[in-house]
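Below: one structure, written as structure tokens.
The values are calculated or read from the model by the stated rules, or taken from the named source; none is laboratory data. Since the structure is predicted, the reported quantities are computational estimates derived from the model, not experimental observations. Glycine gets a Cβ as well: all are built from the backbone with ideal geometry, and neighbour counts include every protein chain shown. Keep in mind that these areas ignore ligands, DNA and RNA; they rest on the heavy atoms of the full protein, side chains included. Shrake-Rupley method; radii C 1.70, N 1.55, O 1.52, S 1.80 Å.
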Amino acid sequence: MAPGDLQEVLAGIKPSDHARHPDLLVGLERADDAAVYRISPDVAIVETVDFFPPVVDDAYTWGAVAAANAMSDVYAMGGQVMFALAVAGFPRDMPKTIVAEVFRGGADKVAEAGGVIAGGHTVVDNEPKYGLCVTGRVHPDRIFVKGGLRPGDRLFLSKPLGTGVITTAGKNDKTSADVLDGAVRSMLRLNRVAAEVAAGCDVRGATDITGFGLLGHAGEMVEASGFGLRISASRLPLLSGALALAEGENFSGGMKRNRRYVEGVFGSRLTIAVDVAPPLVGLLFEAETSGGLLFSVGPNHASRVSDEFARRGESCWEIGEVLPERAIRVSR
């Protein structure tokens, strides 16, 4: 659902006294990427669910991407994946070999994360869907939350933007195989390393970039923390081919919905410099699949973040900073 629609639906759901249980550390009262429930002084359970229709043609790859996307919410809370239950719907006449490949892709990706598929549930559905209900664990004192931003923090992004515009173009045969392959490789990369590095660098606030786009999820962090973000558009990493496809208006429907929502919530508190090109502005709002972690650390840890990512063989980009005022400022 679009962020505004989801907010409207959930507005009538008031947390019950049971939902205010002292061991429910993150729930409806403080919406975040996953629920967190403490089971001992040293261990809390992280619980999340995510599923969606195919984003690529290959069944195995779709299953693996969907699994990586679902597990990303555990990493966005600073957790480690333990096990998962598959959630799926397939047309009655879909060949069983294709269904098996979807499940195999998901299982292999969960195994890569150090977890295991423990079961699941399927239904008959005319539009195929697949995803996971993921269980992870985290120390109760080391949970990442969206509301952890502090003024002066440095802001980092662990994956390039562009999966949304590339997969949309791919569905319409408007992009090349190498551009699509680059997006697939990004979507398949787990946020495991990003979460581990962030935890070792005294992360303050964190979320993962998925359906609400970079500015949609950044806005959630701003509203949760009460502090703002300045993002430098020129520092944003983009997947190969993403900007050209954005210039060709190959955006998903989610981009416009995300933009309307963010502009409606923030109004004048959202400013985008006039010299930021419109296609790049669109990519700021475009929905992403299995995007990177967006997280902040104190300024004294900023250089360590880059060093640790390089040591682990992965990339990360410093894209901005945390402001004292509750706003989003995008500069060139």
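Looking across segment 80-104, the residues that are hydrophobic (A, V, I, L, M, F, W, C), open to solvent by 20 Å² or more (accessible area, probe 1.4 Å) and closer than 29 Å to residue 137 by Cβ come down to 82, 83, 85, 87, 103. The test for being more than 23 Å from the chain's Cα centre (by Cα) and under 30 Å from residue 235 (Cβ atoms) holds for residue 152. Between 320, 291, 313, 267, the distinction of being in a helix (DSSP H, G or I) and either on the phi > 0 side of the Ramachandran plot or open to solvent by less than 20 Å² (accessible area, probe 1.4 Å) (or both) belongs to 267 only.
For (1) open to solvent by less than 50 Å² (accessible area, probe 1.4 Å); (2) under 16 Å from the mean Cα position of the chain (by Cα); (3) under 14 Å from residue 286 (Cβ atoms), each residue gets a yes or a no:
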| residue | (1), (2), (3) |
| --- | --- |
| 190 | yes, yes, no |
| 195 | yes, yes, no |
| 198 | yes, yes, no |
| 218 | yes, yes, yes |
| 223 | no, no, no |
| 238 | no, yes, yes |
| 251 | yes, no, yes |
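None of 99, 110 is over 25 Å from residue 194 (Cβ atoms), touching a strand residue (DSSP E or B) at 6+ places or on another chain (Cβ under 6 Å) and of a type outside the set (Asp, Glu) except 99.
Hey, does segment 156-168 have a residue that's touching a residue at least 12 places away in the same chain (Cβ under 8 Å), in a helix (DSSP H, G or I), on the phi > 0 side of the Ramachandran plot and of a type outside the set (Ser, Thr, Tyr)? So far as segment 156-168 goes, no, none of its residues is touching a residue at least 12 places away in the same chain (Cβ under 8 Å), in a helix (DSSP H, G or I), on the phi > 0 side of the Ramachandran plot and of a type outside the set (Ser, Thr, Tyr). The criterion of at least 1 residues that are more than 12 Å from residue 165 (Cβ to Cβ) is met, among helices (runs of 4 or more DSSP H) falling completely within segment 181-256, by 192-200, 213-225. The residues of segment 105-144 that are touching a helix residue (DSSP H, G or I) at 6+ places or on another chain (Cβ under 7 Å), open to solvent by 80 Å² or more (accessible area, probe 1.4 Å) and part of a loop (DSSP other than H, G, I, E, B) amount to a single one, 142.
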